[in-house]
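Report on the structure given below.
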Amino acid sequence: MYRFLLSRQWVILTLVALALIPTMIELGFWQLHRHEHKVALNKVISDSLAAKPVPAETLTAPGQRVRHDDLYRRVTAKGHFDTAHEEVVRRRTNSDGEVGYHVLTPFVLADGRVLMVNRGWVAADGAQTAFPRIPAPAQGEITVTGRLMADQTTADSGIKNVQGLPDRQVMLISSEQQARRLGKQVLGGYIEQTAPESEGGSPELIPDPEHGDIGPHMAYAIQWWLFSAGIPVGWVILVRRERRDRAEAAAAQTAPEAEPAAV
């Protein structure tokens, strides 16, 4: 009755179905983990932005990685900008989606250590091989406030750290790379400046990150699990339909032919 299940077509179909079930279950858990990560990150961002600013030196040090719970934490630093060693980070967009640069300026603390400061976004006003025009920051000793960020990596950002770039241009912000370049002790990570604001609005300060939306990952997880549950149901329906069609075909072949009508 079910010998057709041993045919090549049905063996392949069954094996494919058996392979898809665990694959879809795993995809569901992958989306669930992304949902949990997003929820946890949103809480870190919300708590960090709500906390009072603390000195940057209390949360990071040279050669130290920024802890996950300290991401986006508001910090302050007192010192002066070293614009002579300023660089730009390529291919960064502003809130309107325009492509330009982030301005990365060393901020020298009183003890000589350096904190890298992302002063914000500037437009690409010429060829990408040329260094853009950047308004100078406040001169002399000042206090800056910003959000503490971890060093950027290819794994986290998906951006390749390309070699052979034009002078004073980088793809990613790395405190270790900056320490080698400057020959000084550089605090781990960097900050996104939030105050003081630049005169004329340039560089354009980076806005606070969105942290209210958790995304569709949970819905996708449920969707994958429903798909995995639907596969065996669909397989059973196809088997029953195939069995019925074969039974009807066999019955039609064995039925006696009707006798011709008498003249």
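Read the figures in this text as sums done on the coordinates, not as results from a lab. Predicted model, so just to flag it, every value in this text is computed and none were measured. Note: ideal-geometry Cβ built from the backbone for every residue, glycine included; neighbour counts use all protein chains shown.
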Candidate aspartates and glutamates - alpha carbon under 18 Å from Lys43, same-chain residues fewer than 8 apart omitted: Asp69, Asp70, Asp208, Glu210, Asp213
Beyond 17 Å, what share of the Cα-Cα pairs of segment 186-263 remains, rounded to the nearest whole percent? 77 percent
If packing is taken as the average number of other Cβ atoms within 10 Å across a peptide's residues, how do 70-79, 39-48 rank, most packed first? 70-79, 39-48
Between the alpha-carbon centers of segment 179-203 and segment 1-27, tell me the distance in whole angstrom. 58 Å
Under the Kirkwood approximation for Rh and a Cα-based Rg, what ratio Rg/Rh is obtained for segment 104-152? 1.01
Could you run the Debye sum over the Cα atoms of the chain, one equal point scatterer each and no solvent, and tell me log10 of I(q)/I(0) at q = 0.07, 0.12 Å⁻¹, two decimals? -0.44, -0.80
Counting Lys and Arg as +1 and Asp and Glu as -1 over every other residue whose Cβ sits under 11 Å from the Cβ of Glu197, the net charge comes to -1
When the helix-only estimate is applied to the chain (DSSP H runs of n ≥ 4, each -39,500 (n - 2.57), divided by the residue count), what is the mean residue ellipticity at 222 nm, nearest 500 deg cm²/dmol? -12500 deg cm²/dmol
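Work the Kirkwood hydrodynamic radius out for segment 1-57: mean of 1/r over every pair of different alpha-carbon atoms, inverted, in Å.
This gives a value of 15.7 Å.
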Can you list which of the DSSP-assigned H helices in the chain have a Cα extent of 27 Å or more along the long axis and an average Kyte-Doolittle score of at least 0.0? 8-50, 217-254
Let me test this: with uniform point scatterers at the alpha carbons of segment 118-190, what is the Debye-based log₁₀ I(q)/I(0) at q = 0.16 1/Å? -0.79
Sequence ranges 6-12, 183-189, ranked by mean other-Cβ count within 10 angstrom, highest first: 183-189, 6-12
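Let me check I have the definition right: for segment 135-238, take the eigenvalues of the Cα gyration tensor, multiply each by 5, take square roots. What are those semi-axes in whole Å, largest first? All intermediate terms of the calculation are to be shown ahead of the outcome.
Values: eigenvalues 415, 81, 31 Å².
Sorted largest first and rounded, they come to 46, 20, 12 Å.
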Ranking request for peptides 13-23, 27-37: highest mean number of other beta-carbon atoms within 10 Å first, then the rest in descending order. 27-37, 13-23
At q = 0.32, 0.34 Å⁻¹, what is the base-10 log of I(q)/I(0) for segment 43-87 according to the Debye formula with one equal point scatterer per Cα and no solvent? Please give it to two decimals. -1.12, -1.17
Shape call for segment 63-201, from the Cα gyration tensor axes a ≥ b ≥ c (a/c under 1.5 means rounded, otherwise prolate when a/b beats b/c, else oblate), comes out rounded
To the nearest µm²/s, what D does Stokes-Einstein give for segment 16-126 at 4 °C and 1.567 mPa s, using the Kirkwood radius over alpha carbon pairs as Rh? 74 µm²/s
